[in-house]
Structures are given as structure tokens and as C-alpha cells.
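To keep things clear, I will list the structure first and then write my remarks on it.
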Amino acid sequence: MEWETVIGLEIHAQLATNSKIFSGSSTAYGAEPNTQANLVDLGMPGVLPVLNKKAVELAIRLGLAIDADIAPRSIFARKNYFYPDSPKGYQISQYELPIVANGHMDIQLENGDTKRIGITRAHLEEDAGKSLHEDFQGQTGIDLNRAGTPLLEIVSEPDMRNAKEAVAYMKKLHALVRYLGVGDGNMQEGSFRCDANVSVRRPGAEFGTRAEIKNLNSFKFIERAINHEVERQIDIIESGGKVVQETRLYDPDKDETRSMRSKEDANDYRYFPDPDLLPVEITPADIEAVRATLPELPDAKKQRFMVEYALSAYDASLLTLSREVADYFEAVAQGCGDAKLAANWVNGEVSKTLADNEMEIAAIPVSSAALVELLKRIQDNTVSNKIARDVFAAMWNGEGSADAIIDKKGLKQITDTSAIEAVIDEIIAKNPGQVAEYRSGKDKLFGFFVGQAMKASKGKANPNTLNDILKQKLEG
Amino acid sequence: MSQADSIHTLSLKGIHDGVHTGKFSVMEATDAYLDRIERFNPELNAYITVTRESAQAQAVDIDNRIRKGELTGAMAGVPYALKDLFCSEGVRTTCASNMLSNFISPYDAHVAEKLKAAGGVLLGKNNMDEFAMGSSNETSAFGNVRNPWDTTKVPGGSSGGGAATIAARLAPMTLGTDTGGSIRQPASFCNITGIKPTYGRISRYGMIAFASSLDQCGPMAPSAEDCAITLNVIAGLDSRDSTSVDLPVPDYTANLNDSIEGLRIGLPKEFFAEGLDVQVGAVIDRAIKQFQAKGAIIKEVTLPNSHLAVPVYYVVAPAECSSNLSRFDGVRFGHRCENPKDLLDLYERSRWEGFGDEVKRRIMIGTYALSAGYYDAYYLKAQQVRRLIKQDFEAAFKDVDVIMGPSCPTTAFGIGAKKDDPIAMYLEDLYTIPVSLAGLPGMTFPIGFATDGLPVGMQLVGNYFEEARMLNIAHQYQQWTDWHTQVPAQFA
Amino acid sequence: MAISEAEVKKVARLARLAVPDERLAAYTQNLCNILDLVDQLSAVDTTGVEPMAHPLEMMQRLREDVVTETDHREKYQAVAPEVEDGLYLVPKVIE
């Protein structure tokens, strides 16, 4: 019998603030342990939280982008539990009246269809510190630098039906968060983390008992972890067992999930409104002020690219995955005046080289203006597309501008017909056998002559001119 | 010598004028109090920590700065004490708990910072009920405080050490905190003046939290004028406490001499019903008649839900405290048990050993009230009734300017008398708790002695942010009477 | 409303308090008495009354996103029971 998977995701996006959500400590990553943990972050006796305005603005920003309701009055609550990385013995979070509710996002399925995923809520909360399990005489070390870092927890409806949909949703949300400047989305540094609620059921039946899988911090892991968890649950049910509601931790090294013992009795969080924090009021004017600073959203940008630049849906969606890529593309397209050529290059050589170097476009060594210069040399037949790729590689390596490299390496295309004729004459003279065969009807040999001629011209012969002359001479 | 012997009889203004006119130095004033503390504290146990050395160092510095004209304010050169739940940098801050018996605070509370900057001299830290939970100062891990008027009696609580300190003139002023009556009740038991301002009037930053939606700091001193001078220094907005209120701070001394003629005083009939000691009632009646004689208009008002205040309080305050005290876990500061066998053991034993019984009882009640299945019946219900109590006051203030009544149903009770009966202890605060729940300002000022020879205080409740008016009323009473200047003979 | 010894044990665990067995009965009795006092509330009609979490009907004041803090690790860790290499130490945490 068939099983249907039901998945809901809880994504924690770290917000791009300079200071923490409730204190003036820096949120910069990678400092020496506990050097960015002030009195408030350490939960010292007598200290009080004061909410960072920027965190509220960033939450509104995301809320608007997912077409959600922004709460005019929002409440912070304490989630009570003891854990060494939670210095106050409670986490300040939101429970009733979260800042963002009832949003949605459309994802692209593999078959090309669009599916709408509901976003139940997004609430502000503080991050915990880190437990370091290296051995300190059999003890665990606690670093509270991360404690108090602002997070937006974005909770989806259980609308996803397989791991691929979950990945598509997570990728799209990741791109959106970065697009809006809400967060840097750096998954290695834990700035974008995902927990998945997974259950299985017979199609049409009630939801099954779910397990929450924690620690899904890469797109690769989430797919594997969900698939593994689905199999585990089906195995349990089919062998007559019952799935237990629990928290499980994904271990990427072993590719398995295991039950988290430490969370077992922490299930009564005793949420109540934090008496240190009054309700947050968000006026229509506050919302409009944030809306005015919103960039063009990815879906709108994609539509515009398709219309304005006559690009395919495929090209446009690739180009709008990140705002930086889209901006780069637009600069190149406008500079060279040929959107298709620009799109081919940005989605092709540029993104391939970035991927090979594990680099983000923000760090690209070839500026959009520099690329425009190169593309112009293709357009005016100075170089072929193939030679241009070599020039691009040299530009990437810092060897100079497109023109300088073409000049220095002598890569200028030969368009002078007499020079090309001379080369072809020499090849015809050298290969009488092949010429005879061609003339007797072996058309396929044409490629052989092109290759020889290109080789002799070191690839610089203009391919169209070369083809024309070669054809004339061989027919000759 | 004769001058030093009488410094402790001076008001804050008297001390200020003395050091600024060169009658005596800040050092002499400081030493006068330090000597009194040394002499009387062993009997009263009103201080947990005496900061003799740092006080003397501060005195030298402040003397210098006053001479140079750098410090002129009303607190410049004035010694003071702090309840031991205000964090003071470099000074042990215990909350009268074994949990913090070795906690040297790495920072100053907002009010400590303010008093320091104003040129005050910190004499030491006052004893209190552990984490401010108690009404008799018997829950202190540093031993109970004795009432200077009768050392077999309690001084009240939780700011009992502060009240005894002022009553015996071991400091001219101290700061207490009031969550359900912790300034007003001990002020009544010890014949001193104390005010709990409107919630949010003074920053709570650095005040170790008991119940965050109720806690408020306030001055305790012999007179209303002393309290007004102190309030001028410590009231106002603080960016580190987002619940501190952004309203202008008036000069609390400006209207002290206004007439009270035509003042409409409301007497809540529920505060004069069964439960109020007859002798205490008689003293209250006499004081009310004095106000009437000076032109005040007396009206009866009703606070029909006030009998529910104690039950509401014993849900709300423990719920908040159960969460506020979770940070005491033996990891970053405070008591840590010996050889914990695992993390759970570290938490459970450190906390069991560090906290006293009353604190643990309240943590457990609060934990229970917030736990799954009970939240609505206890916490949510209590919050709803809390609003009803607030609405009672709002209705009453439509007809009257201020409310008066007893601060407590009895005079100071015997040490040990209610120690094993938490409920009887809780009911001590039945007149002060409603005011705290509403967040209104409340104060106590001395109005005489009952037939048992023990002091009685009047509770005065104002509308929100009406502290100046309240201080004016108490000050006027103190112009007609001298109860507030009376000191027990052996501490005179 | 009565609370059982078993419930008191559960609450003590949630609150991370190691109540010794010999103290359990006394604690339970005290907590029962407090709950009896508190149970007066159940008789009050609070239909339609908005819960009051805070005495002031104010909205929250926010702060600007500015880093105002510098490193004071040494000072803050001077009061810590056990630290090493700048880390707070606790018995081994098992996840």
C-alpha cells in the first residue's frame, strides 16, 4: 500500500543586525569564546533585555515578502528550560501573537508546476550559546558568544509531501532571506538552520505521529535525513510498531537520525508573557516605512526579466535566485545590449567558474563592466565565443582587461580573407589525398579541414570567414 | 566630638548643609555612621556587608570634589545604604541567600550608579528576606533582623534590614524594594517613611529580580522630605530598562509645602473591616482626624476585589520568580554543589543547597502554576483578577485624590511567631499587595504608637505618577507631628 | 485544590530542585495550603476580562542596532565557579 509523507519545516534564520536582539554585544562570528557575551547575554542577576529595533524591522521585511499579516501588537514570551547554553534558564521567544503570521511562498516542482506552501508564523527569538564537547577533564565547555543573537523562526504548514519539495522550499526561503538582506544565510556558520517535522500516513488519512529532526544544516542533509526518517517510520509501522513523538538529531557522518535523550523531559516549557518586555506596537506607518525599502521580490523580478529581456523562464529563474546575480546580470545585459548573450554568460561561464572556486558573486574578480568589455569583443568579432572563454579565465586570474589580454596573447580573430586564404591554400597543398576523397563525395571530411585550418591559425580565424573560403576552395 | 555625636540626628538636608558649609567633613559624617553601625549592628543584624574601607575612600574623594566645587547636589556627601539586592560593583551582593553568598557584583545597578554619581557614600548592604521573599526578614540566610523598637520583634520585610537601619539611624537613607509591600510594611513596623513609586518610575536595572511586573525600588528614610530628595536623584528613564517610563521627572521637593486643604482622601471600607487590629485602627483614626482638622475631605471608597489580591499575588509573583530565579544554576556565578555527578545533579543540588525553604516553595508554586494543564486555571485567571483589582482603584480615584488606610493589620509581631505558617505571613500584606498589583505608588509614614508601644504607619496610595502629591501630604503631616523624628531610646 | 507528593516531585524536577524524600511531605503540605489560598480565584467570574500581564498600559521602547559593548570576559568570569580557556565548564552534556 502507498504511504504519503507529510513535512513541515521550522527554519531559524539569523538576522543581519550588528548587535544582539536584547543587548549591545556584537553578533560578529568567530570571536574568542565569551568575549562577545555581556552582562545581559550571560543572564547576570539584575539585568534586563532591551529589544533591538532592527530585528523587528527585518522580521517585518520578511513578513511583507511572504505576503503575511504583521501583528499590530506582538508579545514576547519566556520559554523555560534548563540547559547550559541557555544562560537565563529561559529563552525569550514569542508564543501568542508572533510578529508575522499567515504568509505563503510558491515553490517550483520538478514537473514545472507551482505549489503554494503556507507559512503559519514567523517569530523573533534569541539564539542559545554553544556547548563545546571537546574534553575539558571530562566536562563540557560553554561559549555564550552566540547567546542572544537574533533569530527569526519561520514555521511552515505541513504542506510538503516529499523531501524534494522540502528542499525546494528551504532553498527558496534561503534565497529570499538573502535577497531581502534579512540575513546572510550562511549555513556553515549556522545562520540558516532547519528542523523538520516528519510523519507518514495513508493518503487521505489523519496526520501520523511526527518526529522532529534537528540539525539539518545543508540542502544535501535535509533531503537525506527526511528520506531516512520516512523509511524508519514506515518500517516501524509496517512491522506493527508505533511512531513515538520525539526529537531526533541527524548525524550526517552516519547518515542516520537518533533520539535526543537530553530533550526528553524538557517538554513543559511553561511559556508566559515576559514581564520584562512590554507589547511591541507596529503601526501601519511602521509597516509602510519598511515596505518602501523592499527590493523587487524574486518572483516579480523573474517575470520582468522574461518580459523585458525576452528570457526563458528557466534562464530568468536562475538569474533571480540571488539579488547579487540578478544585479550583475542586469549590468552586463545593459552594458552589452544583448540580454541573451549576457544571460548565457552569467548562467554559464560565470556561474560555473564561481562554483568551481566555491565563491559567491559578491567576491567575483571580474566586474560586470569588465565582462561587458569582453562580450563587446565577441559582438564585434574580435574574438570567438570559445576564445572569449580563455580570455575570461585570464581575466579571472587577474591578468588584465579583456582588450589587454587579447592584445598581449595575440588572440585577435583573423578576419583578413587573404591571410585565411593563405592558410587554407597551404592545407589543401599538404593534404592532396583528403582533398580528393572530399571531392569524390566524402562531405564529412569538411570538419577535418576546419580543424586543420583553425589549428594553423591558432584558433584565431574567424570561423564564418574560414568556413566560406574553405568551402569555395574545396569545391574549387 | 559633640558634633559627630549628633550627625545621625540630621536629615539628608542637614547633612548636605553640614558638609557644604564646612561644619563637618564627609569623612566625619561617614565615620559617625560607620561607628554607629559597628556599635549597634551586632544587636540588630541590619547590615549583611559594611563597606567601611570603600566608604572612607569615597568620603576622601567626595570631600575633595565638594571643596573644588565639582559636587554640589543634594546627595553630595550624604552617606546611604542599599538593600542587598541592588548590584554594587566590587561589593558582595547576596540577596540574603546562600546562592549568592560570595557574589561580588561586576556592575552597578542603575540606582547605585545614580547615587554614586551624585556623590553619596555607600555605607553597606542591608539585610533582607532572601530574594525579597518574606514579610519578617526571617528568611535571610544571614540571620533575622531585630526591630529596634523591641528587639524580640521582627522589623517586617522584605526590606527589614533597611527599616531597622533607618529606625536606629545607622544610615540617613537607604533604598529598599517593594514587590507586595516590602517597603511599606517594614516602614510601618519600624516608624520610618518609605515610598514605593509607580511601577516604571525608577529603573529596575541591576535590581535582582523577584517578580518583574511588581518589583519597584524606593527610598526609606526618617522623613518624606528625605525621600523626596532621594527620589529626585534616582527616578527617571533608563535605556537599560525598557519598562522604565519616559515621563518627565518633577522636582519632588518643589511642592512639599503646598496646603492639603480640600484634599479628598478615600478610605477603602475593606481596609477597615475584620482583620484590622483594634489598636492599629485607633491610631489610624486619630491620624485621619488630624487630616480632617487641616481641611481634608474624608470619603469612603470601595475596593471590592481587594480580598482577592493575596491569592492573585501568590500566583503572579511565584510564577515570575520561578522563571527569574532559573538563572541561578551554578554555572556562571553563585553557589555550585560539590562534585556534581552529572548536569542534572549540578542543577538540582546547587539550587537545593543555594536557596532557602521559602524561596523554594515559591519557585515550586510558580512552576506548578505555569505548567501544562494549570496555566489557564492559575496564571491566566490571576491575571484577569489582577485587572479587576486595578479597575477598582481606577473607579475609586474618580472620587478621591488619594487613598489612605493601614499599611498592615497589626504592629510588629514576635520573632518566630509566624515563621512556620507561610499563609499567616502572606496575609500580613493584604493592604499593600493590591496597590502593587495595580502598579500604583504607595507609601508609609509614621503616625504614632499603639498601646503595645510599637509604631503604626499610615499607608498612602496615590494615582499613577502622583508621588509629588503624596510626598507633599506626608510632609505636611510631618510638619504637624514629630512621630517621624522619634528614635528608640537605646539607639538615640 | 490538593497537590500530591508525586506532583510535587515532578514540579521539583521541572524547577531543578533536589527535594530529599524526608522533606517531601512538609513541602507538599505547604504547597497544598498555598493552593487552597489561591483557589479562591476559581470562584471569580472573569468572563470577558482581558488578562493583565503588566501594570502599565504602555508599548515597548526599542533600542537602535548599535554595538555598545566591549570584552569584559575576565571580569565577568571572576565570579564563575569553573572556567577554562574562557569557557564555562559543566559536567559532560549528552545530546
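Tabulated data for the structure shown
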item: Identity of the residue in region C:52-69, surrounded by fewer than 16 Cβ atoms within 10 Å (Cβ to Cβ) and at pLDDT 95 or above, that ends up nearest to the other protein chains (Cβ to nearest Cβ); result: C:T68
item: Subset of region B:360-373 (residues that are surrounded by 19 or more Cβ atoms within 10 Å (Cβ to Cβ) and over 23 Å from the mean Cα position of the chain (by Cα)); result: B:M364, B:I365, B:G366, B:T367, B:Y368, B:A369, B:L370, B:S371
item: Matching residues in region C:19-36 - criterion: being within 9 Å of chain B (Cβ to nearest Cβ) and either buried (at least 17 other Cβ atoms within 10 Å of the Cβ) or closer than 30 Å to B:S244 by Cα (or both); result: C:V19, C:Y27, C:N30, C:L31, C:I34, C:L35
item: Subset of region B:91-121 [at the interface with another protein chain (Cβ under 10 Å from one of its Cβ atoms) and either more than 20 Å from the chain's Cα centre (by Cα) or part of a strand (DSSP E or B) (or both)]; result: B:M99, B:L100, B:N102, B:F103, B:I104, B:S105, B:P106, B:Y107
item: Check on A:K88, crowded, with 23+ Cβ neighbours inside 10 Å and either in a strand (DSSP E or B) or facing another protein chain (nearest Cβ under 8 Å) (or both); result: yes
item: Those residues of region C:70-91 which are at the interface with chain A (Cβ under 7 Å from one of its Cβ atoms), within 26 Å of the chain's Cα centre (by Cα) and assigned to a strand (DSSP E or B), in sequence order; result: C:L87, C:Y88, C:L89, C:V90, C:P91
item: Among the candidates A:N197, A:N145, A:N186, residue that is surrounded by fewer than 23 Cβ atoms within 10 Å (Cβ to Cβ), more than 29 Å from A:V244 (Cα to Cα) and not acidic (D, E); result: A:N186
item: Complete set of residues in region A:319-333 that are under 13 Å from the mean Cα position of the chain (by Cα) and surrounded by fewer than 18 Cβ atoms within 10 Å (Cβ to Cβ); result: A:E324
item: Members of region A:25-49 found to be within 8 Å of another protein chain (Cβ to nearest Cβ) and either under 19 Å from B:E113 (Cα atoms) or aromatic (F, W, Y) (or both), listed by number; result: A:N38, A:L39, A:M44, A:P45, A:G46, A:V47, A:L48, A:P49
item: Selection count where residues are of a type in the set (V, I, T), crowded, with 24+ Cβ neighbours inside 10 Å and farther than 22 Å from B:S88 by Cβ, scope region B:144-191; result: 1
item: Near pairs, Cβ below 9 angstrom, 6+ apart or cross-chain, from region A:48-68 (closer than 10 Å to A:V290 by Cβ and in contact (Cβ under 8 Å) with a residue 12 or more places away in the chain) to any residue that is part of a helix (DSSP H, G or I) and charged (D, E, K, R); result: A:V56/A:D286; A:E57/A:D286; A:I60/A:D286; A:I60/A:R291; A:R61/A:R291; A:L64/A:R291
item: Flag for A:A55 being in a helix (DSSP H, G or I), within 14 Å of chain B (Cβ to nearest Cβ) and not polar (S, T, N, Q); result: yes
item: Considering residues of region B:340-377 that are at pLDDT 95 or above and among the polar types (S, T, N, Q) only, the residue farthest from C:L17 (Cα to Cα); result: B:T367
item: Failed condition for A:D113, given (1) under 24 Å from A:V182 (Cα atoms); (2) away from chain B (no Cβ under 14 Å); result: (1)
item: Matching option when the condition is more than 14 Å from chain A (Cβ to nearest Cβ), loosely packed, with under 15 Cβ neighbours inside 10 Å and not in a helix (DSSP H, G or I), among B:G295, B:G218; result: B:G295
item: Qualifying residue in region A:429-448 (condition: crowded, with 16+ Cβ neighbours inside 10 Å and assigned to a loop (DSSP other than H, G, I, E, B)); result: yes
item: B:R92 being under 20 Å from B:L12 (Cα atoms), basic (K, R) and surrounded by fewer than 24 Cβ atoms within 10 Å (Cβ to Cβ); result: no
item: Helices (runs of 4 or more DSSP H) (entirely within region B:379-492) containing at least 2 residues that are surrounded by 20 or more Cβ atoms within 10 Å (Cβ to Cβ) and at pLDDT 95 or above; result: B:381-396, B:433-438, B:467-480
item: Leading residue by the ranking (farthest from the other protein chains (Cβ to nearest Cβ)) among those in region B:333-370 that are touching a Phe, Trp or Tyr at 6+ places or on another chain (Cβ under 9 Å) and part of a loop (DSSP other than H, G, I, E, B); result: B:G356
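Conditions tested, residue by residue: (1) surrounded by fewer than 24 Cβ atoms within 10 Å (Cβ to Cβ); (2) in contact with a strand residue (DSSP E or B) (Cβ under 9 Å, 6 or more places away or on another chain); (3) at pLDDT 95 or above; (4) over 18 Å from B:E53 (Cβ atoms).
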site	(1), (2), (3), (4)
B:F86	no, yes, yes, yes
B:S101	yes, yes, yes, yes
B:V111	no, yes, yes, yes
B:K114	yes, no, yes, yes
B:A118	yes, no, yes, yes
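The values are calculated or read from the model by the stated rules, or taken from the named source; none is laboratory data. Predicted model only: the values in this text are computed from it and were never measured. Backbone-built Cβ (ideal geometry, glycine too); neighbour counts: all protein chains shown.
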